[in-house]
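Chemist: Can you read through this structure? Questions will come right after.
The values are calculated or read from the model by the stated rules, or taken from the named source; none is laboratory data. If you're wondering where the values come from, they're calculated on a predicted model, not measured in any experiment. Glycine also receives a Cβ, built like all others from the backbone with ideal geometry; neighbour counts cover every protein chain displayed. What goes into the accessible areas is simple: the full protein's heavy atoms, side chains included, and nothing from ligands, DNA or RNA. Shrake-Rupley method; radii C 1.70, N 1.55, O 1.52, S 1.80 Å.
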Amino acid sequence: MITLKVGDDVAEIVLNAPEKLNALSLDAIGELDAAYAEAEASGVRALVLRGEGRAFCAGRDISGVDPATDDVTGYLGAVEALMRRMAAFPAPTFAAVQGACLGVGLGLAIATDVVYVSETAKVGSPFVNIGAMLDSGGHALLYERLGAHRALDLIYTGDLLSGAEAVAAGLFSRAMPTGELQEFTRERAARAATGPTQAFLASKHLIDRLRDERLWRVVAEENRGQAELRDTADYREGFAAFQAKRTPGFTGS
């Protein structure tokens with residue numbers, strides 16, 4: 001479901017499972033990691049990440065996953081390794097985010113240098129609906145940009161931010177009409193690719209050092225918490241309800 005196109009200076013990686021809103025299985029995480037490795041080996045000077053269809057990425061693909069035997073630790077370990085590779089990519093990286101940007105999809109955005117969104121994108125992590133907690137760095141992003149009260153409000157309610165609201169809150173860089181998003185992102189990546197990329201990388205490395213201690217510590221705590229929640233009745237009920245497309249009945253156990 002992952003495609004890679006390498007041009008002279010810019011690589012474009014596409015999440016290409018629009019029928020699933022580009023939700024990511026463990027195999028797809030591996031494909032995406034391999035695409036980043038191939039793009040890095042090609043020596044491109046900028047990279048664009050986007051999703052095909054009406055969503056960027058709706059999060060984890062849990063179709064067919066049995067919550068009783070779910071290897072959430074293995075999945076989240078693969079996501080963390082991917083995010084680290086993305087964050088360390090040796091060139092400027094840009095994401096074009098339309099539609100759903102949820103859960104792991106939000107993590108992909110967090111690990112990208114610059115994120116442009118459609119005004120009507122839906123951004124967040126509605127884990128309240130499956131009895132789980134935010135992962136993929138979501139706590140770090142929401143707390144850092146929104147503060148404790150608004151972060152917990154979004155966590156407790158599962159409410160999502162529009163792309164315009166996410167930009168106004170400082171989560172991402174710019175919002176624009178959906179029809180302009182892809183070309184704008186490609187143009188910005190192409191411009192960066194013709195710039196002083198060694199200077200860009202020096203700035204990227206400095207900013208990475210400023211954020212890395214909190215981000216990766218939070219990711220580790222999220223992974224541990226998600227593994228513990230897997231054994232709760234609410235987690236199993238949330239998964240079953242999501243797969244059956246019904247409203248969950250949580251008991252707090």
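Chemist: Within the range 53-82, count every residue that is hydrophobic (A, V, I, L, M, F, W, C), out of contact with any Lys or Arg (no Cβ under 7 Å at 6 or more places or on another chain), assigned to a loop (DSSP other than H, G, I, E, B) and more than 30 Å from residue 193 (Cα to Cα).
Modeler: Here the count works out to 2.
Chemist: Condition test on residue 69, is it in contact with a helix residue (DSSP H, G or I) (Cβ under 9 Å, 6 or more places away or on another chain) and either open to solvent by 10 Å² or more (accessible area, probe 1.4 Å) or modelled with pLDDT of 95 or more (or both)?
Modeler: Values: in contact with a helix residue (DSSP H, G or I) (Cβ under 9 Å, 6 or more places away or on another chain): no; either open to solvent by 10 Å² or more (accessible area, probe 1.4 Å) or modelled with pLDDT of 95 or more (or both): yes.
Taking the combined requirement at face value, the residue does not satisfy it.
Chemist: Give the residues of the range 110-142 that are of a type in the set (A, V, I, L, M), in contact (Cβ under 8 Å) with a residue 60 or more places away in the chain, crowded, with 24+ Cβ neighbours inside 10 Å and farther than 25 Å from residue 234 by Cα, sorted by residue number.
Modeler: 117, 121 - these are the residues of the range 110-142 that are of a type in the set (A, V, I, L, M), in contact (Cβ under 8 Å) with a residue 60 or more places away in the chain, crowded, with 24+ Cβ neighbours inside 10 Å and farther than 25 Å from residue 234 by Cα.
Chemist: Among the residues of the range 147-168, which ones are farther than 26 Å from residue 252 by Cβ and within 18 Å of the chain's Cα centre (by Cα)?
Modeler: To start, the set of residues in the range 147-168 that are farther than 26 Å from residue 252 by Cβ comprises 147, 161-168.
Matches in the range 147-168: 161, 162, 163, 164, 165, 166, 167.
Chemist: Test of understanding: among 182, 226, which residue is under 19 Å from the mean Cα position of the chain (by Cα) and either of a type in the set (A, V, I, L, M) or within 30 Å of residue 8 (Cα to Cα) (or both)?
Modeler: None of the other options fit; the residue is 182.
Chemist: Let me ask another. In the range 175-217, what count of residues is obtained for those that are open to solvent by 30 Å² or more (accessible area, probe 1.4 Å), in contact with a helix residue (DSSP H, G or I) (Cβ under 7 Å, 6 or more places away or on another chain) and part of a helix (DSSP H, G or I)?
Modeler: So the answer is 2.
Chemist: Within the range 127-144, can you find the residues that are closer than 14 Å to residue 171 by Cβ and out of contact with any helix residue (DSSP H, G or I) (no Cβ under 6 Å at 6 or more places or on another chain)?
Modeler: Result: 144, single match.
Chemist: In the range 230-242, which residue that is part of a helix (DSSP H, G or I) and open to solvent by 80 Å² or more (accessible area, probe 1.4 Å) is farthest from residue 76 (Cα to Cα)? Talk me through it step by step, then tell me what you get.
Modeler: Within the range 230-242, the subset part of a helix (DSSP H, G or I) is 233-242.
Next, only the ones that are open to solvent by 80 Å² or more (accessible area, probe 1.4 Å) stay: 236, 242.
On the way: 236: 18, 242: 19 Å.
Out of the qualifying residues, it is 242.
Chemist: State yes or no: is residue 167 buried (at least 19 other Cβ atoms within 10 Å of the Cβ), at pLDDT 95 or above, of a type in the set (A, V, I, L, M) and part of a strand (DSSP E or B)?
Modeler: It is false that residue 167 is buried (at least 19 other Cβ atoms within 10 Å of the Cβ), at pLDDT 95 or above, of a type in the set (A, V, I, L, M) and part of a strand (DSSP E or B).
Chemist: Something else about it: If we keep just the residues of the range 143-163 that are modelled with pLDDT of 95 or more, in contact with a Leu (Cβ under 8 Å, 6 or more places away or on another chain) and closer than 14 Å to residue 109 by Cβ, which is least open to solvent (accessible area, probe 1.4 Å)?
Modeler: The extreme case among them is 161.
Chemist: Working only within the range 124-149, note down all residues that are in contact with a Gly (Cβ under 6 Å, 6 or more places away or on another chain) and assigned to a loop (DSSP other than H, G, I, E, B).
Modeler: 125, 126, 131, 133, 136, 137
Chemist: Tell me, yes or no, whether the range 164-174 has at least one residue that is in contact (Cβ under 8 Å) with a residue 60 or more places away in the chain and touching a helix residue (DSSP H, G or I) at 6+ places or on another chain (Cβ under 7 Å). So that I can check it myself, show each step before the final result.
Modeler: Let us first name the residues in the range 164-174 that are in contact (Cβ under 8 Å) with a residue 60 or more places away in the chain, namely 172.
Then drop every residue that is not touching a helix residue (DSSP H, G or I) at 6+ places or on another chain (Cβ under 7 Å), which leaves 172.
Yes, the range 164-174 contains at least one residue that is in contact (Cβ under 8 Å) with a residue 60 or more places away in the chain and touching a helix residue (DSSP H, G or I) at 6+ places or on another chain (Cβ under 7 Å).
Chemist: Tell me, please, whether a residue that is open to solvent by less than 40 Å² (accessible area, probe 1.4 Å), at pLDDT 95 or above, closer than 27 Å to residue 202 by Cα and touching a Gly at 6+ places or on another chain (Cβ under 7 Å) can be found in the range 83-90.
Modeler: Just the residues of the range 83-90 that are open to solvent by less than 40 Å² (accessible area, probe 1.4 Å), to begin with: 83, 86-87, 89.
Next, from what is left, pick out any that are at pLDDT 95 or above: 83, 86-87, 89.
Remaining after also requiring closer than 27 Å to residue 202 by Cα: 83, 86-87, 89.
With the extra rule that they be touching a Gly at 6+ places or on another chain (Cβ under 7 Å), the set shrinks to 83.
So far as the range 83-90 goes, yes, one or more of its residues are open to solvent by less than 40 Å² (accessible area, probe 1.4 Å), at pLDDT 95 or above, closer than 27 Å to residue 202 by Cα and touching a Gly at 6+ places or on another chain (Cβ under 7 Å).
Chemist: Please count how many residues of the range 95-123 are in a strand (DSSP E or B) and either touching a Lys or Arg at 6+ places or on another chain (Cβ under 6 Å) or at pLDDT below 95 (or both).
Modeler: 3
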